[in-house]
1. Tell me, what ³J(HN,Hα) does each residue in segment 21-35 have, in order and in whole Hz, if you take phi through Karplus 6.51 cos²θ - 1.76 cosθ + 1.60 with θ = phi - 60° and put x for Gly and Pro?
2. Give, rounded to the nearest 20 debye, the magnitude of the charge dipole that segment 5-145 has about its Cα centre when Lys and Arg contribute +1 at Cβ and Asp and Glu contribute -1 at Cβ.
3. Along the charge dipole of segment 21-144, pointing to its positive end and built from +1/-1 on Cβ of Lys, Arg, Asp and Glu, which listed residue (LEU143, GLY53, THR70) has its Cα farthest out?
4. Given Cα pairs under 8 Å that are at least 6 residues apart, what percent is the relative contact order of segment 1-72?
5. Is the shape of segment 1-85 best called rounded, prolate or oblate, per the rule: a/c under 1.5 gives rounded, else a/b larger than b/c gives prolate, else oblate, with a ≥ b ≥ c the square roots of the Cα gyration tensor eigenvalues?
6. Please turn the phi angles of segment 125-132 into ³J(HN,Hα) values with the Karplus equation 6.51 cos²θ - 1.76 cosθ + 1.60 (θ = phi - 60°), one per residue in order, whole Hz, x for glycine and proline.
7. Taking Cα pairs under 8 Å and at least six residues apart, what relative contact order does the chain come out at, in percent?
8. Taking the Cα-to-Cβ direction at ALA144 and at ARG120 and moving 7 Å from each Cα, how far apart do the two end points lie in nm?
Amino acid sequence: MKEKLDTRAVRRCACVNIRQTDRVITRFYDEMLAPSGLYAPQFGLLATIAEAGPVTINGLAEIMDMDRTTLTRNLGVLGKEHLVSSEEGEDRRTRVVTLTEEGEEALRRAWPLWQEAQARIEQAFGSERFDELLGELAEVRGLAR
């Protein structure tokens, strides 16, 4: 007879817990952003491009801590919706991403919805604890790199 694995330790797994939290938080932000037509990951990407843009795909991948393939796929969706544009950079091997006017408008529509979602999370958690959480998450990301 095979010995049964004691898998209770997985309850303490950083990956399992962070992904579970990610799904719940993403669902919450998606619901809050729904009237804007954007999903939480799209909002985050548009906001980052607005802050950093124009930016190369490699630069954006580094800022967002995403692999280039995933980022390119996500940018493709936003490009089809005319929210971002991608042009050849100074070096033909690079692509530079910017928000279109439609992308800026989508971000403006979503902004107050995001602010409400963010305020609810911070208020429920407490600003000081929330700041500490962000610091801890940054440290975990740094350790995992």
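1. 4, 4, 5, 5, 5, 4, 4, 4, 5, 4, 5, 5, 7, 3, x
2. Working: 18 positive and 24 negative charges, 146 e Å.
Charge dipole of segment 5-145: 700 debye, to the nearest 20.
3. THR70
4. Computed over segment 1-72, the figure is 14 percent.
5. On the way: a/c = 2.96, a/b = 1.98, b/c = 1.50.
Since a/c reaches 1.5 and a/b is larger than b/c, the shape of segment 1-85 is classed as prolate.
6. These are the phi-based 3J(HN,Hα) values: 8, x, 4, 5, 5, 5, 4, 4 Hz.
7. Working: 112 pairs, mean separation 32.9, N = 145.
It comes to 23 percent, rounded to a whole number.
8. Distance between label points: 2.5 nm.
Computed from the coordinates by the stated procedures, all read-outs in this text should not be read as laboratory data. Since the model is a prediction, treat every value here as computed from it, not as a measurement. Note that we place each Cβ from the backbone using ideal geometry, even for glycine, and neighbour counts take in every protein chain shown.
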